[in-house]
Amino acid sequence: MTNDDLPIGRRVARWRVRRSMTQQMLADRLRRSKSWVDKVERGVRALDRYSVIQELAHVLRVDPEVLLGQQRSTPAGTPDGVDDIRAALARYDTPQAPQHTDELRRQVGYAWLSYQHAHYGQLVRVLPGLLDAAQAVRSPELLVQTYRITSSLLVKLGVADLGWLAADRAMSAAGDDPILAATAAISVGQALRAQDRDHLALAALLPAANRLLPPSSHDGDQEVCGTFGDQTSRKPLDHQGQRGSRGQGDHRDWAVGGTLLLQAALAAAGSGEHRRADELTDRAAGVAASLRGYDDPHRTSFGPVAAELARVLVAAQRGDADEALRRHSTVMRREGWRRLPAEYRGAYLVDVARAYLQMGDLRGAARALVDADSIAPAEVRCRPLARTLIADVARAQPTPAGVARLATVVGLTR
């Protein structure tokens, strides 16, 4: 068995031994129990949280990819296999399987990790079989998650119409479950935004957010675009997700609501509704500031830093270059930036590169693209949007440093 074939728990054990640590020593550094480490190494406890794997990798002084058994090298170009995903979505006669979902849940968790690490080539190969399995088991939760991963990947690869189909399937699979429907709405909004249908995205995102979040302190239409409660007297949520008598549901659900608000803010900015975009971002920032740490079971990566990244993009969209650059410089120095998944950081930097280019700052666009490639190579090498940006920047004479190399890597020059 090669190292790439080993379960992740076995890799953790090997690297622990290489670092001359006992299970107790590793547990102490992670602030967890020895029993937890033992179960992870034996595969009894699944490692399906990006933040936990990142923490383990930090303590063991290796890259997260090493624990995942994944190679850093990323080939250029859109990965083959999109047609296989299309075929899987087109199958309607998948027989129902026995309701044994534990293995499928592990596979879905691994697919999320692959997505968060921007291993898109690997994910393209995995998704057709995962879609078949999820459609056979017919667990609403696992179906929604699988369709969400599929939609997000297809949007990345420039197949937004097919991504919209997968997002719509997620909405159907969610049924009457409000939190599943809300997470599916995130994918619907992203797919619509990718097709430049910002008004439709806004119409889908805002009602979903308002169903999850407490009403704003403002009346009327401010419910969908005002700040979150009283910003001057904000208190953090307790472990039940409540804040006084105004709490509505679990704080993990509020993180989904905050993500919907950020997506709505970006859709509003894309529609030219800049004031509304600012108001929605303010409201999302209020939600983020009201949350304590949580384990992000819905894979939103929502928090204060996510709200600040959205502020950068909204400012750039309305043409306020000074504010966008100031906020971008500040947020890149925050500790929370480094804790975001590689996919999230890489995607943001590609969006920043586009904003720089729209403002005529070729050097800024070049820096953002090079940084994105160092964090999540597939974000630059597999996404049609990034390739277009590289081509635009590479036309400048002289070509900014680093972009000439990227142009060669993605096959734009020889």
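Expressed as a whole percent, the accessible area of the chain that falls on carbon and sulfur atoms is 48 (1.4 Å probe).
Counting heavy atoms of the protein chains alone, Arg367 has an accessible area of about 140 Å² for a 1.4 Å probe. On the basis of the beta-carbon distance and an R0 of 35 Å, Asp196 and Glu103 show a calculated FRET efficiency of 0.35. Averaging the sequence gap over all C-alpha pairs within less than 8 Å and six or more residues apart, then dividing by the number of residues, gives the chain a relative contact order of 12 percent.
Size descriptors for the stretch 104-150: radius of gyration and Dmax over Cα atoms are 9.6, 27 Å.
Radius of gyration over Kirkwood radius for the stretch 164-216, both on Cα atoms: the Rg/Rh ratio is 0.98. In a reduced charge model with +1 at each Lys and Arg Cβ and -1 at each Asp and Glu Cβ, the chain shows a dipole moment near 1580 debye about its Cα centre. Spherically averaged projected area of the convex hull of Cα atoms, the stretch 278-414: 8.6 nm². Candidates Leu192, Gly175, Tyr120 compared by Cα position along the dipole of the chain: farthest toward the positive end lies Tyr120, with charges placed on Cβ.
Counting every C-alpha pair in the stretch 316-373, the share spaced more than 14 angstrom apart comes to 54%.
The alpha carbon centroids of the stretch 183-209 and the stretch 304-369 are separated by 21 Å. Peptides 334-346, 106-118 ranked from most to least packed by the mean count of surrounding Cβ atoms within 10 Å: 106-118, 334-346. Segment Ser374..Val62, full-extension length gain: 110.7 nm, with 0.36 nm per residue of separation and the alpha-carbon distance subtracted. A compact globular protein would have a Cα radius of gyration near 2.2 N^0.38 Å; the ratio found for the chain is 0.98. With equal scatterers on the alpha carbons only and no solvent term, can you work out the Debye log10 of I(q)/I(0) for the stretch 274-324 at 0.16, 0.20, 0.31 1/Å? Log10 I(q)/I(0), no solvent term: -0.49, -0.69, -1.17. Evaluated over the Cα positions of the stretch 34-183, the convex hull gives a direction-averaged projected area, one quarter of its surface, of 10.1 nm².
The values are calculated or read from the model by the stated rules, or taken from the named source; none is laboratory data. Predicted, not measured: the structure shown is a model, and the values here were computed from it. When we count neighbours, we look across all protein chains shown, and the Cβ atoms used for this are built from the backbone with ideal geometry, even at glycine. Accessible surface is based on the protein model in full, side chains and every heavy atom, while ligands, DNA and RNA are left aside. Shrake-Rupley method; radii C 1.70, N 1.55, O 1.52, S 1.80 Å.
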